[in-house]
Amino acid sequence: MSALPAAAQDTVTVGGERKRAFGTPTAFQNGDTACYVTLKDDRGVPFDELADFDLCTLEKSLKGKRLALTYKTARVMAGSCQGNPDCKKSETVVLIASAKPAPLTAPAPAAPMPAKSAQTSFCTPTETIVFSCRTSPTKLVSVCASRDAAPNKGYLQYRTGKPDSREPLDLTLPAAQVPPPQAASGESFPLAGGGGTWLRVSAKNNIAFVVYTGIGNWGPRGETREKAGVTVERDGKTVANLKCIGKPLGLLGPDWFAKAGITAKGQDFDLPE
C-alpha cells in the first residue's frame, strides 16, 4: 500500500455512523460480542471501536502501527445477553472489518481541528445512543445508555460539551452510573399527524434538562413538521430552548422507554413552539 499524506483525517460513513479511516491501536480486548480496540488518530486523540474477533488474534502484528481501517455492519449477540451462549437476542453494530498498515510520510502537523467536525455523539461504541444532536456548531448534547440498560441494571447519562475537543465534558448527569429509572423520567404521546416524546434529567438547584422530539401537523397549512431539541428548566419553568441542528440520532421513544423502564413519574412536558 502506498504511503498516505501526513495530515490524513479521512472519515467514512457506515450504517449511519461516521468513522475514522485511520488509527493506531494501543490495546485489544476480547469481549462477549466483539473484539474491543482502543486506537489513537493522527493527532493522538484516543477513540474506541468494535472489530471482528479475528482482529484480536493479530494484536502483536498490528499494535502500535498506523492502520487504514475498513468497516462493515454486522449482527452480534446483544449486550443484554451478557455473554450467555443460549441467548438469542442480537443487535446491529458497526465493526472494523479489516486493518492494513498505512504509514505516514511525515510527522503530522499541529493543526487546529476543522470547523466542521465529524463527532455525532458522546456515546462510546459499547453504548446505545438514546438521543444526540448539535444545538450549535460548538455544542453537542447526547443521552447515552449501557447496552444492558433495564429497569434494575445498566445506566443512562445526559452529556453535553464541545465536540471533537480534548476538553472535559461540560456536564454529565447523573455523575454516577445508575439504572435508567433512577436517572430520568419520560414518556411518548400521540399528536395530530404524529407524536412526541421527551426525557427529563434533573440536576442541582432545581434545574432540569429535557430532550425531546416531535412530529405533527404544525405547518401554516397543516403540513407535517418535525421538531427536536433540549429545554432547560429551573423550578419547573422553561429558561432556554435549544433546537437541534438537523435531525437527532437515537432511539428515544416508547420501545426504548419500555426496555429501560422509563416512565413519566407523574410529570409532563409541552413541546416548544
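Some points to look at:
- Read-out volume of the Cα convex hull per residue in Å³, derived from the coordinates shown; its label in (i) 177; (ii) 152; (iii) 129: (ii)
- The phi-based Karplus calculation (6.51 cos²θ - 1.76 cosθ + 1.60; θ = phi - 60°) puts the 3J(HN,Hα) values of the stretch 217-222 at 8, 9, x, x, 10, x Hz, whole numbers, x for Gly and Pro.
- What you get for the chain, charging only the Cβ of Lys and Arg (+1) and of Asp and Glu (-1), is a dipole of about 440 debye around the Cα centre.
- DSSP bridge pairs, the chain: antiparallel proportion in percent, nearest 5: 95 percent
- Likely footprinting exposure, Trp256, Trp218, fewest C-beta neighbours within 10 Å first: Trp218, Trp256
- Estimated FRET transfer efficiency when R0 is 51 angstrom, pair Lys247-Lys60 (beta carbons, to 0.05): 0.75
- Phi-derived couplings, Karplus 6.51 cos²θ - 1.76 cosθ + 1.60 at θ = phi - 60°, listed residue by residue for the stretch 228-243: 7, x, 9, 10, 9, 10, 9, 6, x, 10, 6, 10, 7, 10, 10, 7 Hz, with x used for Gly and Pro.
- The fewest-to-most ranking of Arg20, Arg221 by surrounding Cβ atoms within 10 Å reads Arg221, Arg20.
- Summed over all non-identical Cα pairs, the Kirkwood treatment of the stretch 11-101 gives a radius of 13.5 Å.
- Most mobile of Thr124, Thr92, Thr160 in a GNM of the chain (Cα contacts under 10 Å): Thr92
- The stretch between Leu169 and Ala27, if pulled fully straight at 0.36 nm per residue, gains 48.7 nm over its current Cα-Cα span.
Values quoted throughout were computed directly from the atomic coordinates according to the rules given, and no laboratory measurement underlies them. On a predicted model such as this, the values are computed, not experimentally measured, just so you know. Every residue, glycine as well, gets a Cβ built from its backbone with ideal geometry; the counts of neighbours run over all protein chains shown.
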